[in-house]
Each structure stands twice: as C-alpha cells, then as structure tokens.
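Here's the structure we're looking at; comments come further down.
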C-alpha cells in the first residue's frame, strides 16, 4: 500500500523531473528510430508490414531494455554516492532507512519510465504496418507511421512546452520537425 501511495504522490505532484526526462528523452529516441525503421524498410523493399512490425518490436525490446538497465545502474551509482555523502555528514550508516527505501523506489520508477519511453515511441508509429496489405498499401502504412511518429514527437514537445510555460504549439512543432528530418534523411541513404 505504501508503494501505491508513493506512486500516487509522484503523479499528483506532476511526476518526477528525472523520470520525465528519461521518459521523454528515450521516447524521442524510440520514435526517431521507428521513423527510420519505417522509411528505411520501405525504401529497402521489405515485402510485408508484419516483417516491419517484427523489426520494430526487436528495436523496442533493445531500446526498452537499454533504458531500464542503464538507468537502473546510473541511478544505483548516483544514489549510492548521494547516500554516502549524507552518511559521512551524519557519521551514521543509512542502509535500511526511509531515505534508502525512497532511493530504491525512485530508482525503480526512473528505470521503468526510461524503458517505457522508447517502447511507446516505437510501438505507436510501427503499429501502422499492422494495416499494411489489408487496409493500406506499404507506402500508405509508411506515411501513416511517419505521421504517427511526428504526432507523438509533437505531443512530447507540447507536454514539455506546457510544463515550462512555453508555447506548447511551438515546442511541439520543434520536436515534430525532428521526425520529418529523419524521414527525409532516409530518402538519401543508399538502398
């Protein structure tokens, strides 16, 4: 029950800035990766939408695992350094204290958010290829995937813009443009 209260409090307070950074940053990476996969797969002649979905899911597993694992280790090291500094100042070990428990909970939360970002960033755009061959052509699914990716990037940017009291439209557009840049750059790759 205490864990649910902790999570509710984090959400009620507008979340956690570290978790938010990990989620958006890795979601941004995942979304740009999915746009690259979509355009690159189409231009390379991948014959079916389901094959592109499988490639995308492989990337989601890789980036999701990377997000969780790296943040787990980064936060483990950083919180240990922080706790040791407090221990030195207090001349007392803090192994099983409220501070240590809070740090462990925060580490888990940060790792989960870091892993969720790229999974969402890949799965949302790549899901367009589930419609390829039945409802859409591969070309149309590629366009839809790029559109979903750009829209997701826009949402990430708009969210950050609203948090920082900037124009959410401008902030969203700045992030969305990155998706278009990746799509266009893929057009110039050999293949």
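Just so it is clear, none of the values below were taken in a lab; they were calculated from the coordinates. Computed from a prediction, not measured in an experiment: that's the story for all the values here. Note that we place each Cβ from the backbone using ideal geometry, even for glycine, and neighbour counts take in every protein chain shown.
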- Tell me, yes or no, whether the stretch 50-57 has at least one residue that is without any contact (Cβ under 8 Å) to a residue 60 or more places away in the chain and outside any helix (DSSP H, G or I). no
- Task: Could you tell me whether any residue of the stretch 109-132 is surrounded by fewer than 17 Cβ atoms within 10 Å (Cβ to Cβ) and without any contact (Cβ under 8 Å) to a residue 40 or more places away in the chain?
- Result: no
- Message: Among the residues that make up the stretch 73-81, is at least one of them in contact (Cβ under 8 Å) with a residue 12 or more places away in the chain, buried (at least 21 other Cβ atoms within 10 Å of the Cβ) and under 25 Å from residue 22 (Cα atoms)?
- Response: yes
